[in-house]
Amino acid sequence: MSNEAFERAVERELGVVGPYSSEDLAGLSGLILSDGHGTLPRIMECTQIKTISFSRWDTATIGPMPPTLISVSFKDSPLASIQDLCSLTALKYVDLIQTLVTDLSPLLDLPALRSVDVRACPLTPTSLQVLDDLQARGVRLSRTNRPDPRALAIMDRLRERGILLCVLIDDYEGGLRIFHPGTELDQMAALTL
């Protein structure tokens, strides 16, 4: 089983076209994946990998990841669950920017965690408490991890109706942005307050 976006990322890192042996994958220290979907069937062969970055990755869950990871980043992705991160005890840096993650409690199981960024996620009061608990442990939070209270209220009302979307209050541009991660910017709804 192959994942084209994974193959493209490996080709960029190694500078050669596949197929790739297990030894090739074992030597990778980082991958930047974009515009793909699903889990990565061969990721566990990347036995020395330290960082993985996903951008516009169409998946609701992460799937198994190598225990050597110290940094994982999801941006602009409909990722909804981070439960698979619980076993990554070496993980220090987690970015979940513009994802649909609402349950941040798996982050509490990461003893090495040093930094978290959850900008533009549909956070709940429970997830905000998790952020407080992490901060009390000395975990650095992005300065924008606390969404505007108006955005939280809108996300709560949408969630009550079974709609999970991200809401940003853009005071600089004077508008309210409601969007689903992974949606192209020109398709994103932009409304003024």
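The values are calculated or read from the model by the stated rules, or taken from the named source; none is laboratory data. The structure presented is a predicted model; accordingly, all values stated were derived computationally and were not measured. Ideal geometry is used to build each Cβ from the backbone, glycine not excepted, and the neighbour counts take in all protein chains shown. Accessible surface areas use protein heavy atoms only, side chains included; no ligands, DNA or RNA. Shrake-Rupley method; radii C 1.70, N 1.55, O 1.52, S 1.80 Å.
In Å², what does the accessible area per residue of the chain work out to with a 1.4 Å probe?
Details: 9860 Å² over 193 residues.
The answer is 51 Å² per residue.
Sticking to Cα atoms, compute the Rg of the stretch 4-154 to one decimal and its Dmax as the biggest Cα-Cα distance, whole number, in Å.
When restricted to the Cα atoms of the stretch 4-154, Rg and Dmax are 15.8, 51 Å.
Within the chain, what whole-number % of the accessible surface is contributed by carbon and sulfur, with the 1.4 Å probe and all protein chains included in the calculation? Mind dumping the intermediate values first?
Working: 5140 of 9860 Å².
Carbon with sulfur: 52 percent of the solvent-accessible area.
Gap in Å between the Cα centre of the stretch 149-166 and the Cα centre of the stretch 72-119?
Taking the Cα centre of the stretch 149-166 as reference, the centre of the stretch 72-119 is 21 Å away.
Leu141 to Ala26: FRET efficiency via 1/(1 + (r/R0)^6), r the Cβ-Cβ distance, R0 35 Å, to the nearest 0.05?
On the way: r = 34 Å, r/R0 = 0.97.
Efficiency computed from Cβ-Cβ geometry: 0.55.
Assuming 0.36 nm per residue, please report the length gained on full extension of the stretch Cys86 to Asp58 beyond their Cα-Cα distance. List each step's numbers first, then the result.
On the way: separation 28, 0.36 × 28 = 10.08 nm, distance 2.09 nm.
Length difference between fully extended and current span is 8.0 nm.
Treat each spin label as a single point 7 Å out from the Cα along the C-beta direction, and report the Ala153 to Arg114 distance in nm.
It is 3.9 nm.
Quick one: compute the contact order of the stretch 1-106, relative version, from alpha carbon pairs under 8 angstrom and 6+ residues apart, as a percent.
Working: 227 pairs, mean separation 21.5, N = 106.
Relative CO of the stretch 1-106 lands at 20 percent.
For the chain, what is the relative contact order in percent, using Cα pairs closer than 8 Å and at least 6 residues apart in sequence? Write down the numbers at each step before the final one.
On the way: 420 pairs, mean separation 24.8, N = 193.
Here the relative contact order equals 13 percent.
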